[in-house]
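Read through the structure below, which is laid out as structure tokens, and then see the notes.
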Amino acid sequence: MPTKEKIESVNEIRERLESNKIAIMTQYMGINVAQVTELRKKLRDAGIQYKVYKNNLARIALREIGAESAADFMNGPTAWAFCNDPVAPAKILKEFSKEVPFVQIVGGVMEGKVLTKEQVISLATLPPREVLLAQAVGTISAPLRNLVTVLNAIPTSLVNVINQIKKKKEEAQTAA
């Protein structure tokens, strides 16, 4: 029979998986206290929650949200990074794993879909959300800007043609 603490822990994991856009799993064997403190500070400064759960309890929560295949990535101590920005935790964890090879990304869950290690690492190569939004707006606005330029050119060209006709008539009158 499950204890109250285990039920609460499973509920907490499930709630975090459902309420955040991404949850990244990391292995952290061999890391010392100073390195863990440094990693937690970097993640906390970026608004990312980082917590260790028992693998069995995490498996239950993953099963409850329909992402049980993510449990295959959990071998040994597993820490979870939860965030609503899919790119930020991937970037921080990837950079930190270069400095401290004991911390490795092993997989993740993004909006209920299981991500492999490679997919999570590819998220780290994306520009920040604000840059992506600016690029999208620029892409959408470029054709509109071109349309306005073309539409503005029509009356301008008409005015130029009328001015040329006027000049020719004036020249013809002065020549006559």
*For region 74-82, Karplus couplings with θ = phi - 60° (6.51, -1.76, 1.60), whole Hz, Gly/Pro x*: 8, 10, x, x, 10, 10, 10, 10, 10
_Magnitude of the charge dipole, region 41-156, Cβ model with Lys/Arg +1 and Asp/Glu -1, debye to 20_ = 220 debye
*Can you pull the accessible area of VAL150 for me, 1.4 Å probe, Å² to the nearest 10?*
90 Å²
_Degrees separating the helix 4-19 axis from the principal Cα axis of the chain, which is the longest one_ = 10 degrees
*asked:* How tilted is helix 33-45 with respect to the longest principal axis of the chain? Cα atoms for both, answer in degrees (0 to 90, nearest 10).
replied: 40 degrees
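When the accessible area of the chain is split by element with a 1.4 Å probe, what percent falls to carbon and sulfur? All intermediate terms of the calculation are to be shown ahead of the outcome.
Values: 6660 of 11140 Å².
So the carbon and sulfur contribution to the accessible surface is 60 percent.
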*Find which of VAL137, VAL10, VAL161 sits farthest along the positive direction of the dipole of the chain, computed with +1 on the beta-carbon of Lys and Arg, -1 on that of Asp and Glu, about the Cα centre.*
VAL161
*Apply the Debye scattering formula to the chain, with a single equal point scatterer on each alpha-carbon and no solvent, then give log10 I(q)/I(0) at q = 0.13 Å⁻¹.*
-0.71
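Can you pick out the pairs among LYS42/LYS117; LYS4/LYS54; LYS6/LYS42; LYS6/LYS41; LYS42/LYS94; LYS21/LYS117 whose Cα atoms lie more than 24 Å from each other?
Working: LYS42/LYS117 21 Å; LYS4/LYS54 15 Å; LYS6/LYS42 29 Å; LYS6/LYS41 27 Å; LYS42/LYS94 12 Å; LYS21/LYS117 17 Å.
Exceeds cut-off: LYS6/LYS42; LYS6/LYS41.
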*Starting at the first residue of region 150-157, write each ³J(HN,Hα) from the Karplus equation 6.51 cos²θ - 1.76 cosθ + 1.60 with θ = phi - 60°, in whole Hz, x for Gly and Pro.*
5, 5, 6, 5, 4, x, 5, 5
*May I ask you to list the aspartates and glutamates whose Cα is less than 20 Å away from that of LYS98, ignoring any residue fewer than eight positions away on the same chain?*
GLU38, ASP45, GLU118
*State to the nearest 20 debye the size of the charge dipole of region 68-133 about its Cα centre, where the only charges are +1 on K and R beta carbons and -1 on D and E beta carbons.*
120 debye
_region 61-85-region 104-134 distance, computed between alpha-carbon centres (Å)_ = 14 Å
*Heavy-atom surface of the chain, accessible at 1.4 Å and reported per residue (Å²)*: 63 Å²
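For a distance above 15 Å, tell me the whole-number percent of Cα pairs in region 3-73 that qualify.
Numbers: 1463 of 2485 pairs.
Of all Cα-Cα pairs in region 3-73, 59 percent lie more than 15 Å apart.
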*Using θ = phi - 60° and the Karplus curve 6.51 cos²θ - 1.76 cosθ + 1.60, what whole-Hz ³J(HN,Hα) does each residue of region 55-69 get, with Gly and Pro shown as x?*
4, 4, 6, 5, 4, 4, 5, 5, 4, 5, 9, x, 10, 4, 5
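The values are calculated or read from the model by the stated rules, or taken from the named source; none is laboratory data. Note that the structure is a prediction, hence the values are computed from the model and not measured. Glycine gets a Cβ as well: all are built from the backbone with ideal geometry, and neighbour counts include every protein chain shown. These accessible areas exclude ligands, DNA and RNA; they are computed on the full protein's heavy atoms, side chains included. Shrake-Rupley method; radii C 1.70, N 1.55, O 1.52, S 1.80 Å.
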